[in-house]
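The values are calculated or read from the model by the stated rules, or taken from the named source; none is laboratory data. In this text, all values refer to a predicted model and were calculated from it rather than measured experimentally. Neighbour counts run over all protein chains shown; Cβ positions are idealised from the backbone, glycine included.
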Amino acid sequence: MSAAKKVPAKSPAKKTAKAASPEIDKTLPVWPHSLLTEFDIDLFLVGKHFRLYEKMGAHLLTVEKTAGTYFSVWAPNAINVGVVGDFNNWDVNVHFLHKRLDKSGIWEGFIPALKKGDVYKYFIKGFDGSEHLKGDPYAVRWEHPPQTASIIWDTDYSWKDKSWLNKRPKINALDQPISVYELHLGSWQRDPDNPERVLNCREVAKALVPYITEMGFTHVELMPVMEFPFFPSWGYQITGYFGASSRYGTPQDLMFLIEELHKANIAVILDWVPSHFPGDRHGLYEFDGTHLYEHADMKKGFHPDWKSYIFNYDRNEVRSFLISNALFWIDKYHADGLRVDAVASMLYFNFSREDGDAATNEYGGSENLGAIQFLQDLNVAIYGNFEGVQTIAEESSTYHGVTHPVHSGGLGFGMKWMMGWMNDTLKYFKVDPLARKHYQNQLSFSMTYAFTENFMLPFSHDEVVHGKSPMLYKMPGDDWQKFANLRALYAYMYTHPGAKLLFMGNEFGDTSEWNFTQSLNWHLLQYPPHKGLQETVKALNFLYRKEPALYHFNFSYEGFGWIDADNRDESVFVYMRKGPKAKDTLIIALNFTPVVRENYKIGVPFKTKWKELFNTDDIIFYGSGINNRGDIVPVEEGYNNQKFSMSVNLPPLAVVIFKSK
C-alpha cells in the first residue's frame with residue numbers, strides 16, 4: 001500500500017474549542033458554542049478533515065456546568081437552521097443555530113438539557129424560502145423506520161478486543177488466509193418463535209460466532225449496517241451514514257457483535273456505499289434546498305438504474321464527509337476492513353448510460369476524475385491511520401490499477417472482486433458436463449490476468465437473487481450430480497489463487513433464492529447431501545488455513561503453475577499451488593465430467609511420495625467414495641512438462657488435492 005502521512009487521531013485543537021466560543025448568554029435557547037477550530041475548518045474546506053465525526057452532528061457536553069447537546073451541521077445555502085423535536089413540540093421557531101462567521105457554511109450551537117435518547121431533526125429554510133425537515137447526516141443513531149428522526153446518542157463502549165487489534169496486522173495481511181462469509185443480519189437467522197422478528201446484534205452473536213468458528217471462515221462481511229429507510233434495498237440505500245441501523249439494535253449492540261467476533265479471532269468487514277444515496281426527503285438529497293451532497297448536473301448526479309443520487313466527489317466538503325465516515329467505522333466500531341460497493345459506477349460517467357446521456361470530464365473522457373481522486377484519498381487515509389485493515393473494491397470494469405499503490409497511479413485498494421472469474425466460472429459449471437470440452441478455455445482464461453490485481457473470488461448475494469437461482473440449482477444433472485458439481489466448484493475456488501468470499505446459505509446448498517424477509521433454510525441440514533456440502537466447505541476452510549501453498553502467494557505468480565490446462569476431451573485440469581517452501585507444494589486435479597478416470601497420468605515436479613490430502617468425492621461429503629489410498633510413488637518419466645509422473649484415480653465431478661510426504 002502507498003505510504004501516507006497520518007492525520008491526527010484527535011483533531012489537534014479540540015482542547016481549545018471552549019476558549020474559541022463567544023461569551024454565553026444563558027437566557028438564549030441556543031447558546032453560542034463551538035467544537036470547531038480554524039484548523040478544523042481549513043481541513044474541511046480543502047477536503048482533508050477525516051475526523052469530522054468528532055466535531056459535527058450532536059454531541060453530549062457540559063458547558064458552563066450545564067449538561068446539554070452541541071449541534072453542528074453543514075448547510076451553506078440555508079438562510080435559517082433550527083433544531084426541532086419533542087423537547088420543543090417540533091416548533092420551528094424556538095431553537096435556531098448560529099451560522100459561523102467564516103466560509104464553512106456550518107451552523108452550530110449548544111442546547112441545554114437535551115439528553116441522550118432525545119429525538120430531533122434539523123429545520124432548514126433554503127435560500128429560496130423552501131422548508132426542509134432533515135435528519136442529521138452525522139447522527140450515530142436513528143429512529144426505527146418508518147420513523148425518520150435522529151436520536152441523540154453516543155459511541156461509548158468498553159472494548160475488550162485489544163489482543164485482537166494487536167495481532168490484526170499479521171492475521172489480516174494479504175499473505176494470510178482470507179475466507180469471507182458474507183452475511184445479511186436481517187435474514188441469516190430470525191427469531192424461531194416469531195419468524196417475522198429481526199434479531200438484534202446481541203442475539204445474532206450467540207449463534208453466529210460459534211457457527212463461524214466451527215465452519216473455519218476467517219472473516220465475516222456484513223452487508224450494510226448503516227441506517228437505511230427501505231428494507232428491500234438490503235441496506236444499499238443509506239440515509240444515515242454514521243448511524244448503526246436501528247433494525248439490529250443500538251450502536252453498542254453492533255459493537256458487541258464485532259467484539260465477540262474479534263474474541264474468536266474473526267475479522268469483520270463492513271459493506272460501505274459511497275457511490276449513491278436515496279432521494280428520501282429526510283436524507284442527504286437537496287439537504288439545504290440545493291444539490292449539496294449530490295452533483296447538480298444530473299448526468300453526473302443521478303443513477304438511472306437505482307433511481308438514486310451520486311455524491312459530488314469534486315466538492316471538498318463531500319470528500320471530507322465520506323472519508324470521515326469510512327474512518328468512523330474503523331475507529332469507533334473496530335471494523336477490520338471496508339468493502340466498497342459499486343466502484344465501477346463511481347469511476348465512469350457512462351456507467352449504465354447511453355452515450356448521449358453521459359457526461360464527460362474536462363478532457364472529454366468518461367472517467368470521473370473527482371471520484372478517482374476521492375478513492376485514492378480514501379485509501380491513503382485508511383491505510384495511513386490504521387494498522388492491519390483492508391479495503392476491498394466491488395469493481396466490475398477493466399479499470400487498471402484498482403489495487404495498485406496510489407503513488408504509482410493506482411486507486412490503492414487492498415483487494416478487488418474478481419467479477420470476470422465469477423461469471424466465467426458459473427457459465428462453465430452450468431454447461432452439461434459432457435459438453436464442457438467445448439468450454440475448456442472459459443475456465444482456464446482467468447489465469448491470464450489473475451495477478452494483475454489482488455483479487456477476491458466472490459460468490460456473493462448478487463448471484464442468488466432476482467431469478468438467478470440458488471447456487472445448487474445452477475448446477476446441471478440429477479440431484480447427486482448437482483451436489484457433486486457444487487462441491488467441485490467450491491474446491492476449485494479454494495484452490496484458485498485469490499481470497500475467497502461465500503454468501504450465507506451457499507455453504508449448505510440452500511434450495512431457495514435468498515429472501516431477505518426470512519431466515520435461511522437451516523432445516524435442510526437434516527438431509528445428508530446438504531450436510532455433506534456444509535462439511536465440504538468446512539474442510540476446505542481448515543485446509544486453506546493450514547496449507548501455505550493455498551494462501552501465501554495468493555496474489556503472485558510464484559504461487560501457481562499449470563500442469564495440464566488442455567485436456568478438453570476429458571475436461572480435466574491439473575495445476576500446482578506453491579508455498580514458501582518446496583514441501584508446501586500441492587497438486588490439484590479437477591475432473592469435471594461424471595466419468596471415473598482410473599490410473600490417470602499426471603506430471604509432478606518431485607520424485608518424493610505423494611498422498612491424497614483432500615477429495616470432494618469422500619463419503620463424508622456425500623460423495624461416492626472413490627479415492628487414492630496409501631502412498632503414490634512417481635516414476636522417472638517426464639509428463640506435462642514435469643520431470644516425473646504418477647497415476648491417480650480421479651472421481652466423477654470431483655477435485656482431488658495431493659501433497660508430497
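When you look at Trp142, is it closer than 28 Å to Gly279 by Cβ, over 24 Å from the mean Cα position of the chain (by Cα) and of a type in the set (Phe, Trp, Tyr), yes or no? Give the steps one after another, and end with the answer.
On the way: closer than 28 Å to Gly279 by Cβ: yes; over 24 Å from the mean Cα position of the chain (by Cα): no; of a type in the set (Phe, Trp, Tyr): yes.
Criteria not met by Trp142.
A quick yes/no check of all residues on (1) closer than 29 Å to Lys578 by Cβ; (2) touching a residue at least 12 places away in the same chain (Cβ under 8 Å); (3) under 22 Å from the mean Cα position of the chain (by Cα):
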position: Leu502; (1), (2), (3): yes, yes, yes
position: Glu513; (1), (2), (3): no, yes, yes
position: Gln526; (1), (2), (3): no, no, no
position: Tyr544; (1), (2), (3): yes, yes, yes
position: Tyr557; (1), (2), (3): yes, yes, no
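For the range 249-282, give me the residue count where each residue is of a type outside the set (A, V, I, L, M, F, W, C), within 25 Å of Ala393 (Cα to Cα) and in contact (Cβ under 8 Å) with a residue 60 or more places away in the chain.
So in the range 249-282, the residues of a type outside the set (A, V, I, L, M, F, W, C) come out as 249-253, 259-260, 262-263, 265, 271, 274-276, 278-282.
Adding the requirement that they be within 25 Å of Ala393 (Cα to Cα) leaves 259, 262, 265, 271, 274-276, 278-279.
Adding the requirement that they be in contact (Cβ under 8 Å) with a residue 60 or more places away in the chain leaves 259, 262, 265, 271, 274-276.
Within the range 249-282, residues that are of a type outside the set (A, V, I, L, M, F, W, C), within 25 Å of Ala393 (Cα to Cα) and in contact (Cβ under 8 Å) with a residue 60 or more places away in the chain number 7.
Being under 25 Å from Leu434 (Cβ atoms) and within 33 Å of the chain's Cα centre (by Cα): is that true of Phe592 here? First the steps, then the outcome.
Working: under 25 Å from Leu434 (Cβ atoms): yes; within 33 Å of the chain's Cα centre (by Cα): yes.
For Phe592, the condition - under 25 Å from Leu434 (Cβ atoms) and within 33 Å of the chain's Cα centre (by Cα) - is met.
Let's see how each residue does on (1) farther than 22 Å from His144 by Cβ; (2) buried (at least 18 other Cβ atoms within 10 Å of the Cβ); (3) modelled with pLDDT of 95 or more; (4) touching a Pro at 6+ places or on another chain (Cβ under 8 Å):
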| residue | (1), (2), (3), (4) |
| --- | --- |
| Asp193 | no, no, no, no |
| Cys201 | no, yes, yes, no |
| Pro210 | yes, no, yes, no |
| Gly216 | yes, yes, yes, no |
| Phe231 | no, no, no, yes |
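One residue is enough: does the range 481-496 have a residue meeting the conditions assigned to a loop (DSSP other than H, G, I, E, B), surrounded by 17 or more Cβ atoms within 10 Å (Cβ to Cβ) and not polar (S, T, N, Q)?
Taking the range 481-496 as the starting set, the residues that turn out to be assigned to a loop (DSSP other than H, G, I, E, B) are 496.
If we keep only those that are surrounded by 17 or more Cβ atoms within 10 Å (Cβ to Cβ) too, we end up with 496.
Within this subset, residues satisfying the condition of being not polar (S, T, N, Q) are 496.
Yes: the range 481-496 contains one or more residues that are assigned to a loop (DSSP other than H, G, I, E, B), surrounded by 17 or more Cβ atoms within 10 Å (Cβ to Cβ) and not polar (S, T, N, Q).
Among the residues of the range 173-196, are any in a strand (DSSP E or B), more than 19 Å from Trp522 (Cα to Cα) and under 19 Å from the mean Cα position of the chain (by Cα)? Spell out the reasoning first.
Step one: filter the range 173-196 for residues in a strand (DSSP E or B), giving 179-183, 190-191, 194-196.
Still in the list and also more than 19 Å from Trp522 (Cα to Cα): 179-180.
Checking which are under 19 Å from the mean Cα position of the chain (by Cα) leaves us with 179-180.
Taking every residue of the range 173-196 in turn, at least one turns out to be in a strand (DSSP E or B), more than 19 Å from Trp522 (Cα to Cα) and under 19 Å from the mean Cα position of the chain (by Cα).
With the requirement that a residue be of a type in the set (Gly, Ala, Ser) and within 12 Å of the chain's Cα centre (by Cα), what does the range 327-347 give you? Break it down into steps so the answer makes sense when it comes.
Taking the range 327-347 as the starting set, the residues that turn out to be of a type in the set (Gly, Ala, Ser) are 335, 337, 342, 344-345.
Scanning the range 327-347 gives Ala335, Gly337, Ala342.
Just for the range 87-110: of the residues that are closer than 19 Å to Leu43 by Cβ and among the aliphatic types (A, V, I, L, M), which one is surrounded by the most Cβ atoms within 10 Å (Cβ to Cβ)? It would help to see each step written out before you state the result.
Residues of the range 87-110 closer than 19 Å to Leu43 by Cβ: 100-108.
Subsequent filtering for residues that are among the aliphatic types (A, V, I, L, M) retains 101, 106.
Working: Leu101: 7, Ile106: 24.
Taking the candidates together, the pick is Ile106.
Here is a list: Val318, Val340. Which entry is outside the structural domain of Tyr53 (by TED's automatic domain parsing), of a type outside the set (D, E, K, R), closer than 19 Å to Ser233 by Cα and in contact with a strand residue (DSSP E or B) (Cβ under 6 Å, 6 or more places away or on another chain)? Talk me through it step by step, then tell me what you get.
Values: Val318 fails: closer than 19 Å to Ser233 by Cα.
That would be Val340, the only listed residue that is outside the structural domain of Tyr53 (by TED's automatic domain parsing), of a type outside the set (D, E, K, R), closer than 19 Å to Ser233 by Cα and in contact with a strand residue (DSSP E or B) (Cβ under 6 Å, 6 or more places away or on another chain).
Could you count how many residues in the range 218-266 are under 17 Å from Arg339 (Cβ atoms) and of a type in the set (Ser, Thr, Tyr)?
5
Residues in the range 534-541: is at least one buried (at least 22 other Cβ atoms within 10 Å of the Cβ), in contact with an Asp or Glu (Cβ under 7 Å, 6 or more places away or on another chain), hydrophobic (A, V, I, L, M, F, W, C) and over 13 Å from Ile588 (Cα atoms)?
Checked against the condition, which is being buried (at least 22 other Cβ atoms within 10 Å of the Cβ), in contact with an Asp or Glu (Cβ under 7 Å, 6 or more places away or on another chain), hydrophobic (A, V, I, L, M, F, W, C) and over 13 Å from Ile588 (Cα atoms), the range 534-541 yields at least one hit.
Confirm whether Thr403 is assigned to a loop (DSSP other than H, G, I, E, B), at pLDDT 95 or above and β-branched (Val, Ile, Thr). Give the steps one after another, and end with the answer.
Numbers: assigned to a loop (DSSP other than H, G, I, E, B): yes; at pLDDT 95 or above: yes; β-branched (Val, Ile, Thr): yes.
Spelling it out, Thr403 is indeed assigned to a loop (DSSP other than H, G, I, E, B), at pLDDT 95 or above and β-branched (Val, Ile, Thr).
Check Ile563, Ile620, Ile632, Ile587 and return the single one that is aliphatic (A, V, I, L, M) and under 28 Å from Ile212 (Cβ atoms). Quick ask: steps written out before the conclusion?
Values: Ile563 fails: under 28 Å from Ile212 (Cβ atoms); Ile632 fails: under 28 Å from Ile212 (Cβ atoms); Ile587 fails: under 28 Å from Ile212 (Cβ atoms).
Step by step, each of Ile563, Ile620, Ile632, Ile587 is checked, and only Ile620 is aliphatic (A, V, I, L, M) and under 28 Å from Ile212 (Cβ atoms).
Filter the range 91-106 down to the residues that are in contact with a Phe, Trp or Tyr (Cβ under 6 Å, 6 or more places away or on another chain) and either among the acidic types (Asp, Glu) or not in a loop (DSSP other than H, G, I, E, B) (or both) and list them by number. If you could, list the steps in order and put the result at the bottom.
Initially, the range 91-106 is screened for residues in contact with a Phe, Trp or Tyr (Cβ under 6 Å, 6 or more places away or on another chain), giving 92, 97, 99, 105-106.
Answer for the range 91-106, where residues must be in contact with a Phe, Trp or Tyr (Cβ under 6 Å, 6 or more places away or on another chain) and either among the acidic types (Asp, Glu) or not in a loop (DSSP other than H, G, I, E, B) (or both): Lys99, Ile106.
Check whether at least one residue in the range 206-221 is closer than 19 Å to Asn325 by Cβ, outside the structural domain of Gly117 (by TED's automatic domain parsing), of a type outside the set (Phe, Trp, Tyr) and touching a residue at least 12 places away in the same chain (Cβ under 8 Å), and report yes or no. Steps first, please.
Restricting attention to the range 206-221, the residues satisfying the condition of being closer than 19 Å to Asn325 by Cβ are 221.
Still in the list and also outside the structural domain of Gly117 (by TED's automatic domain parsing): 221.
Within this subset, residues satisfying the condition of being of a type outside the set (Phe, Trp, Tyr) are 221.
Okay, now just the ones that are also touching a residue at least 12 places away in the same chain (Cβ under 8 Å), so 221.
Yes: the range 206-221 contains one or more residues that are closer than 19 Å to Asn325 by Cβ, outside the structural domain of Gly117 (by TED's automatic domain parsing), of a type outside the set (Phe, Trp, Tyr) and touching a residue at least 12 places away in the same chain (Cβ under 8 Å).
In the range 421-473, how many are more than 21 Å from the chain's Cα centre (by Cα), part of a helix (DSSP H, G or I) and of a type in the set (A, V, I, L, M)?
Looking only at that region, the number is 6.
Is it the case that the range 112-125 has a residue that's more than 27 Å from His144 (Cα to Cα), among the acidic types (Asp, Glu) and assigned to a loop (DSSP other than H, G, I, E, B)? I'd like the intermediate steps shown before the answer.
Taking the range 112-125 as the starting set, the residues that turn out to be more than 27 Å from His144 (Cα to Cα) are none.
Among the residues of the range 112-125, not one is more than 27 Å from His144 (Cα to Cα), among the acidic types (Asp, Glu) and assigned to a loop (DSSP other than H, G, I, E, B), which makes the answer no.
Go through Glu395, Glu367 for me and flag whichever is surrounded by 18 or more Cβ atoms within 10 Å (Cβ to Cβ) and without any contact (Cβ under 8 Å) to a residue 60 or more places away in the chain.
On the way: Glu367 fails: surrounded by 18 or more Cβ atoms within 10 Å (Cβ to Cβ).
Result: Glu395 is the single residue among Glu395, Glu367 that is surrounded by 18 or more Cβ atoms within 10 Å (Cβ to Cβ) and without any contact (Cβ under 8 Å) to a residue 60 or more places away in the chain.
Is the range 446-454 home to any residue that is farther than 22 Å from Tyr551 by Cα, touching a Leu at 6+ places or on another chain (Cβ under 9 Å) and outside the structural domain of Ile563 (by TED's automatic domain parsing)? Steps first, answer last, please.
Within the range 446-454, the subset farther than 22 Å from Tyr551 by Cα is none.
No; the residues of the range 446-454 include none that is farther than 22 Å from Tyr551 by Cα, touching a Leu at 6+ places or on another chain (Cβ under 9 Å) and outside the structural domain of Ile563 (by TED's automatic domain parsing).
Against the conditions (1) among the basic types (Lys, Arg); (2) surrounded by 22 or more Cβ atoms within 10 Å (Cβ to Cβ); (3) assigned by TED's automatic domain parsing to the domain that holds Val648, where does Arg568 fall short? Just the number, please.
Result: Arg568 passes all but (2).
For the range 248-342, please list each of the helices (runs of 4 or more DSSP H) lying entirely inside it that holds at least 3 residues being buried (at least 22 other Cβ atoms within 10 Å of the Cβ) and at pLDDT 95 or above. First the steps, then the outcome.
Details: elements: 251-263, 298-301, 316-332.
Helices (runs of 4 or more DSSP H) meeting the threshold: 251-263, 316-332.
On the given criteria, is Asn599 surrounded by fewer than 17 Cβ atoms within 10 Å (Cβ to Cβ), of a type in the set (S, T, N, Q) and in contact with a Ser or Thr (Cβ under 8 Å, 6 or more places away or on another chain)?
Details: surrounded by fewer than 17 Cβ atoms within 10 Å (Cβ to Cβ): yes; of a type in the set (S, T, N, Q): yes; in contact with a Ser or Thr (Cβ under 8 Å, 6 or more places away or on another chain): yes.
Answer is yes for this residue.
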